Amino acid sequence: MRFRSLFNPTSVAVIGASRNKGEVGREVLTNLIDSFDGEIFPVNPKADQLEGLKCYDSITQVPKRVDLAVISVPSTIVPKVLTECSDSGTKDVIVLSGGFKEVGEEGAKLEEQLKTIARNNGLNVIGPNSMGVISTSSDLNATFAQEMALPGNISFMSQSGAFCTAVLDWANEVGMGFNHFVSLGNKAVLDEIDLIEEWDRDKKSEVILAYLEGIQNGTKFIETASEVTKNTPIVIVKAGKTEAGASAAASHTGTLTGSDVAYDAAFKQSGVIRAGNVEEMFDFGSILAHQKPPKSRKVGILTNAGGPGVMATDALEGYGLELAELQRSTLDNLEGVLSSLASRKNPIDLTGKANEEDYREALNYMIEDENVGSVLAMSAPAAIFSYPELTEIIAEARKKTDKPIVGALMGGQLEPEAQNNLKEAGVPNYFDPARAVRALSALVEYGDIQRRDRSSSNHFTIKKEEADQKMERLRESEIEVIGLEGMEVLEDYGIPTIPAEIAKTPEEAADLAEDIGSLVVLKVDSSQIVHKSDAGGVKVGVEPADVAWEYQSMMETLEQTRPEAKINGIRVQEMVKGEEVIVGLKRDPQFGPLIMFGLGGIYVEVLKDVSFRVAPVSRKQAREMVESIDGYPILKGVRGKEGVDIDSLVDIVQRVSQFAADHPEIGELDLNPIMASSEGARVADVRFRFAE
C-alpha cells in the first residue's frame, strides 16, 4: 500500500505535544497512548517528558526513523517542521494546525510553501487544518477527538473536521464501525482521489464513504472512481448545491448547468452512489458493507400488518424497485401458514394473529422463491411476537441465502439482544419502511454499477484540419456568440445540418425561399437575442410567396421588443418536420466539458427535461442520456405516431463529445433545435461562444 505508514505505522511522533491538557497536541498524545501499541515520541523543546514519555527538541533528534508525524504547531513554523520531517526520513505526515488558506491570503501563501516542500520531498500529507486520522485495524487514534472509532469494514473521509467529531459520537452510539477514518482538512497534498485509490487496495475497506465540499481534479476523479467502483462501492454526500454563475450564461445549456449538475453527472458516470444527506450516506454504507447486490430489482415483502406493507409497496416505485410476483409453488406453500384473513399475494400480510413460527416458515418460502431478488422483513409490535426471537429468525434466514434481507421492525428502540442478532447477521433495520426500501435501492444501484458496460467513447473520422482552420478564423473574428457561422464546422464533424442563409432585405429573403421551393423558417440572426421566439424573431411554416411580408413584419416587431440588439439579418431555412431536441455543451471548471441532451426548441428551459454526462461520452452513455429523459416515450413514438431515429441522436451526442474534447476553447454550445424524425436528425440552429 502506498500510504502504509499513514494507516499502519510502527512509530508516531507528535510534534507540538503540549504540556497543557486540553490543547490539541496534548489530546493527540493522550489518544495515541490510550490506543496505539507502537512507539510514541513527543516533540516539545520546552518539556523533558510528557505522560511518562521522553520529549525531544525536534523530530531530527529522535534516535530512529519515525513512520508517522502528527504536527500541531503554529502555522508559521509548519513549513520548517515539515522540512525537518523530510530530513529525518519521515514521509507520512498529518498537519492538524490551522491558519492556512481558510484564513485568507497570508495563510494561502503558507499552504503553497507546505505543498512545495511536500512535492519536492515526496511527502504524503493529510491536512492542514485536519482533525487527524483513525485506523482501527492498527489501533491508531491520531486525532484530538474525544472517542476512538469502533472497528468495522467502512472507511470514511470528511472535508469537515467538525462533522468528523459529530459522526464519531453518533457512530459509537449506534454501534457503527470504521476501518479508516480521515479528516481531510484543506487537502493541500493528499485528497479524496488518493484515499479512494488507497482504500480500494485495502482488503479491510469494503465500502468508501465521503463527505465532500468540492473536488479539484474532476477528470482524474472520474477516471479513478470508475475503476474503483468495479470492486468497492463509493457513497458520497456533496455539500454546496449552488448554481452560481448560471444567470450570466449565454446559452440554454449554460443557463441549466450549475456546479451541482456537473457533480451529479460525474458521480453517475463514475459509478459513485450519491447520498442526499448524512442519514442516507450511512444507511447506504451500512447495507453495502454487509450484503451483496441482488440479482434482480424484484422485492418480496413480508409483514404482520397491512398498513406498513402498503407503505413499503408505495416506496418501491419511488426508488426504482419492483414488487415480485410470487411463484405458484410459493403461494401453495404459504397456504399452510396463512390465516383466512391473510393476503395471498405480495406483500404477504400474515396479520396480527401470526406467531414466530408462522413468520419463520413464510420468510423461508419467500427466500426460496426464484422471482424474489431481495426481501423486506417487516413487523409491527404484537403481543404474540417477541422481537428478540423474531430477529433471531431473520438472522438465521440471512445465513441461508445470498439474497439481501432488510428489516423494518417498527416500534420503539429494539432490545440489545434483538439489535445484536441483526448486527451479527449484517441485517440493517429501520423504523420507517420507506427508509428500508431506500437503503435497499442503494444495494440494487451498486449491482447495476458493477454490471454496466464500461466501453470507451468512439472516435470518429472527421475533417479535423478543415475544422481547426475554421475554428481559428472564428476565434480571430472576435464574434462574441457564434451562430450560423459555426454550421460548417459541425458538418466537418459529421453532424448533419439544415442549410440556412442570411438575408439582409425582404427581397433577398424571398429569393432564398423561392430557391428552397417549400415552406421555410425565418429566424432573426443576432448574438444578442438568445430567446428569439420571445422577442418575435421566429416564423415557422412560411410560404415562399409570403416571405417578404413576414420579413418586414418581423423586423418591425424586433424594433419594438429588442431595439438595442444588433441584427445581422434574417435566416431563411427549409422547414423540416420532426421532434425538437437539444444537444449542448458547458465547460465546467472541475470536470471539463459537460454534455447535455433533452427536449429542445422553446420548451428546454420550461420543462428542463434534460440529462448530462461529462465528456468523453461512450455510445452506451450517450444512449442512456437519450433514454433517461422523461420525454423519451415521445421520441420512441406514442399512440401510433412514428418514433424518431434514436441512433442518429446518439451519434450526434457522441460527435459533440468529440468536438468538445478537440476544442477546449469552447465555453458553451447549443445545437437547438435538432429536428429528429424517423429518417434521422439534423441541426437547425447552432450557438456557441469561446471560453474567456
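The values are calculated or read from the model by the stated rules, or taken from the named source; none is laboratory data. Everything numeric here is computed off the predicted structure, so don't read it as measured data. FYI the Cβ positions are ideal-geometry reconstructions off the backbone, even for glycines, and counts take in every protein chain you see.
Just to be sure before I move on: is ARG613 touching a helix residue (DSSP H, G or I) at 6+ places or on another chain (Cβ under 7 Å), buried (at least 19 other Cβ atoms within 10 Å of the Cβ), of a type in the set (D, E, K, R) and not in a loop (DSSP other than H, G, I, E, B) in the structure I sent?
yes
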*Cβ pairs under 8 Å, 6+ apart, first in the range 464-486 and more than 15 Å from GLU692 (Cα to Cα), second of a type in the set (A, V, I, L, M, F, W, C) and assigned to a helix (DSSP H, G or I)*: ALA467/VAL489; LYS470/VAL489; MET471/VAL489; GLU485/LEU474; GLY486/LEU474
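Here's the yes/no breakdown for (1) assigned to a helix (DSSP H, G or I); (2) over 25 Å from PHE181 (Cα atoms):
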{"position": "PRO9", "(1), (2)": "no, no"}
{"position": "GLY22", "(1), (2)": "no, no"}
{"position": "GLU27", "(1), (2)": "yes, no"}
{"position": "THR30", "(1), (2)": "yes, no"}
{"position": "ILE33", "(1), (2)": "yes, no"}
{"position": "ASP37", "(1), (2)": "no, no"}
{"position": "LYS64", "(1), (2)": "no, yes"}
{"position": "ALA69", "(1), (2)": "no, no"}
*Total residues in the range 140-162, condition surrounded by fewer than 17 Cβ atoms within 10 Å (Cβ to Cβ), more than 11 Å from HIS180 (Cα to Cα) and of a type outside the set (A, V, I, L, M)*: 2
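Taking the options ASP651, ASP670, name whichever one is in contact with a helix residue (DSSP H, G or I) (Cβ under 7 Å, 6 or more places away or on another chain), of a type outside the set (A, V, I, L, M) and not in a loop (DSSP other than H, G, I, E, B). Full working, then the answer.
Working: ASP651 fails: in contact with a helix residue (DSSP H, G or I) (Cβ under 7 Å, 6 or more places away or on another chain).
Result of the check over ASP651, ASP670: ASP670.
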*Within the range 673-692, which residues are crowded, with 21+ Cβ neighbours inside 10 Å, charged (D, E, K, R) and outside any strand (DSSP E or B)?*
ASP685
*asked:* Please go through the range 407-442 and give me each residue that is in contact with a Lys or Arg (Cβ under 8 Å, 6 or more places away or on another chain) and not small (Gly, Ala, Ser), ordered by number.
replied: VAL427
*Say whether the condition of being out of contact with any Ser or Thr (no Cβ under 8 Å at 6 or more places or on another chain), more than 16 Å from VAL237 (Cα to Cα) and either at pLDDT 90 or above or not in a loop (DSSP other than H, G, I, E, B) (or both) is met by at least one residue in the range 161-168.*
yes
*Qualifying residue in the range 95-110 (condition: of a type in the set (Phe, Trp, Tyr) and either out of contact with any strand residue (DSSP E or B) (no Cβ under 7 Å at 6 or more places or on another chain) or part of a loop (DSSP other than H, G, I, E, B) (or both))*: yes
*Test result for ILE193, surrounded by 24 or more Cβ atoms within 10 Å (Cβ to Cβ) and of a type in the set (A, V, I, L, M)*: no
*If you go through the range 621-628 one residue at a time, do you hit one that is under 24 Å from ASP525 (Cβ atoms) and either in contact (Cβ under 8 Å) with a residue 60 or more places away in the chain or buried (at least 20 other Cβ atoms within 10 Å of the Cβ) (or both)?*
no
*Give the residues of the range 22-37 that are touching a strand residue (DSSP E or B) at 6+ places or on another chain (Cβ under 8 Å) and surrounded by fewer than 16 Cβ atoms within 10 Å (Cβ to Cβ), sorted by residue number.*
ASP34
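Out of all the residues in the range 545-557, which are surrounded by 12 or more Cβ atoms within 10 Å (Cβ to Cβ) and over 23 Å from GLY600 (Cα atoms)?
If the condition is that a residue be surrounded by 12 or more Cβ atoms within 10 Å (Cβ to Cβ) and over 23 Å from GLY600 (Cα atoms), then ASP546, VAL547, ALA548, TRP549, GLU550, TYR551, GLN552, SER553, MET555, THR557 are the ones that fit.
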*Please report, ordered by residue number, the helices (runs of 4 or more DSSP H) entirely within the range 443-544 with at least 2 residues that are exposed (fewer than 15 other Cβ atoms within 10 Å of the Cβ) and of a type outside the set (Lys, Arg).*
464-477, 506-516
*Going through the range 633-644 one residue at a time, which ones are surrounded by 15 or more Cβ atoms within 10 Å (Cβ to Cβ) and either free of Cβ contacts under 8 Å to residues at least 40 places away in the same chain or outside the structural domain of GLU665 (by TED's automatic domain parsing) (or both)?*
GLY643
*Report, by residue number, each residue of the range 10-49 that is modelled with pLDDT of 95 or more, out of contact with any Ser or Thr (no Cβ under 8 Å at 6 or more places or on another chain) and among the polar types (S, T, N, Q).*
THR10, SER11, THR30, SER35
*Among residues of the range 48-61, those that are crowded, with 16+ Cβ neighbours inside 10 Å and part of a loop (DSSP other than H, G, I, E, B), counted*: 2
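Would you call GLU642 assigned to a loop (DSSP other than H, G, I, E, B) and either at pLDDT below 95 or of a type outside the set (D, E, K, R) (or both)? Please lay out each step first, then the result.
Working: assigned to a loop (DSSP other than H, G, I, E, B): yes; either at pLDDT below 95 or of a type outside the set (D, E, K, R) (or both): yes.
So GLU642 fits the description; yes.
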